[in-house]
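J.: One structure is given below, represented as structure tokens, and several questions about it will come after.
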Amino acid sequence: MTDIKIIRTVKELRSWKSTTSGSIGFVPTMGALHKGHLSLDNPYTVVSIFVNPSQFAPGEDLDSYPRTFDQDYSILSNLKIQNKTVSVIFAPTISEMYPSGIDLDLTKQKGAFVTVLGVSEQLEGKTRPNFFRGVSTVVLKLFNAVQPQFAYFGQKDIQQTVVLKRMVKDLLLPLEIIVMPIVREDSGLALSSRNSYLSESLRSRSSIIYENLQECEKIYQESHNELTKDEIVSRFIDLINNEPDFQIDYISLANLETLEELSTIKPGQSAVLSTAVYVTENNRTIRLLDNIILN
Ligand code: PAF
């Protein structure tokens, strides 16, 4: 068990940083950690835990979002991979990250925000129109605070990785984004902090999402001809939408860098097949995300 330094201010973080030499790997999180979050590939690893208000719309689950700092601390303290441990948890307050304040009502917001046009509006951005503005803004702030050489994000939130890679490229940020493979529950369900909202039984039924994405992948891999998107996803749509409590928000076949929708795909052409599925239980609806990269 390691005693990890907990840092709450940017000033303190910079002063810690001035004592280090060697690359810093950064894992931004909103806490409620699970195995999918973690990587220890650098001499120093900073994990941030910050539930970012600007990526929640009014009415979303900002207040009820799981906050499990003690449990997160204990998971991180017990983590040792090839003798490497987490160096710092950066857990700032809202006013540290938003020194001029932050209003959830977009029309009242003032100050600097980051928008990554072209890849933020579709898919998740359709249902959550200002989500990626909030994510890009906070991640840029966190990058400025931590100044890492490498930053790690999970493939489960594939659109987030596309948006942030584009931000890094377009704003000439001196770091590399590494996308970590999706970590799954034994049932196949992609790990997510919001899975804790589901009962055991619905969690296990939710494995149909990944099972059927794999079926789509099989259709693509076994074909020697160009296929239409419909040929790949129509069975997925029928099976999921016919399952009680499940409703597809989107199933997308898109270019992995631009997220432009593809109507057809040739053998060997790469693309991302991604989905969001609404799952309803006890009058509460959550969206489960998953994806597979076809190549
Ligand atoms: O993926 C998340 O947990 C969040 O969107 C992130 C990247 C930590 C920004 O708040």
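Throughout, read-outs are computed from the coordinates displayed, never taken from laboratory work. Computed from a predicted structure; not experimentally measured. As a convention, Cβ positions derive from the backbone with ideal geometry for all residues, glycine included, and neighbour counts pool all protein chains shown.
J.: Add -39500 (n - 2.57) for each DSSP H run of 4 or more in the chain, then divide by its residues: what number comes out at 222 nm, to the nearest 500 deg cm²/dmol?
T.: On the way: 9 runs with 89 residues, N = 295.
Result for the chain: -9000 deg cm²/dmol, rounded to the nearest 500.
J.: In segment 73-113, what trypsin sites (Lys or Arg not before Pro) fall in a loop by DSSP, with at most 10 other Cβ atoms inside 10 Å?
T.: Details: sites: LYS80, LYS84, LYS108, LYS110; in loops: LYS80, LYS110.
Taking segment 73-113 and a limit of 10 other Cβ atoms within 10 Å, the loop trypsin sites (Lys or Arg not before Pro) found are LYS110.
J.: Taking the 0 to 90 degree range and rounding to the nearest ten, how far is the long axis of helix 229-241 tilted relative to the main principal axis of the chain, both from C-alpha atoms?
T.: Computed tilt is about 80 degrees.
J.: Per q in 0.08 Å⁻¹, report the Debye log10 I(q)/I(0) for the chain, using one uniform scatterer on each alpha carbon and no solvent.
T.: With no solvent term, the Cα-only Debye profile gives -0.37.
J.: Working from the pairwise distances between different alpha carbons, so that the mean of 1/r is found and then inverted, what is segment 127-182's Kirkwood radius in Å?
T.: 11.6 Å
J.: Continuing with the same structure: Let me know the volume per residue of the alpha-carbon convex hull for segment 69-203, in Å³.
T.: Looking at segment 69-203, the number lands at 161 Å³ per residue.
J.: A follow-up question, please. For segment 239-283, rounded, prolate or oblate, judged on the Cα gyration tensor with a ≥ b ≥ c (square roots of eigenvalues), a/c < 1.5 rounded, else prolate if a/b > b/c?
T.: prolate
J.: If you rank VAL116, VAL135, VAL47, VAL10 by fewest surrounding Cβ atoms within 10 Å, what's the result?
T.: Result, fewest neighbours first: VAL10, VAL116, VAL135, VAL47.
J.: Here's something else I'd like to know. From the cross-link list LYS110/LYS165; LYS17/LYS108; LYS126/LYS169, which pairs have alpha carbons spaced over 27 Å apart?
T.: The answer is LYS17/LYS108.
J.: Restricting to DSSP loop positions (anything but H, G, I, E, B) with no more than 15 other Cβ atoms inside 10 Å of their own Cβ, which trypsin sites (Lys or Arg not before Pro) remain in segment 3-56?
T.: Sparse-neighbourhood loop trypsin sites (Lys or Arg not before Pro): ARG8.
J.: What distance in nm separates the simple spin-label points at ILE219 and GLU12, each placed 7 Å from Cα in the Cβ direction?
T.: Output for this residue pair reads 5.3 nm.
J.: How big is D for segment 1-114, in µm² s⁻¹ as a whole number, if Stokes-Einstein is applied with the Kirkwood radius of its Cα pairs at 4 °C and 1.567 mPa s?
T.: 84 µm²/s
J.: Have a look at segment 187-295 and give its Rg and Dmax from the Cα atoms, expressed in angstrom.
T.: When restricted to Cα atoms, segment 187-295 yields Rg and Dmax of 14.3, 45 Å.
J.: Counting other Cβ atoms within 10 Å, keep those with at most 16, restrict to DSSP loop, and tell me which GluC sites (Glu not before Pro) in segment 192-247 are left.
T.: Loop-located and lightly packed - GLU226.
J.: How much FRET efficiency would the formula 1/(1 + (r/R0)^6) give for ARG284 and THR127, where r is the Cβ-Cβ distance and R0 is 22 Å, rounded to 0.05?
T.: 0.85
J.: Checking the a/c ratio against 1.5 first, then a/b against b/c, what shape does the Cα gyration tensor give for segment 174-240?
T.: The shape class here is oblate.
J.: Whole Å is fine, so just give me how far the alpha carbon centre of segment 55-117 lies from that of segment 172-232.
T.: Between the Cα centre of segment 55-117 and that of segment 172-232, the gap is 25 Å.
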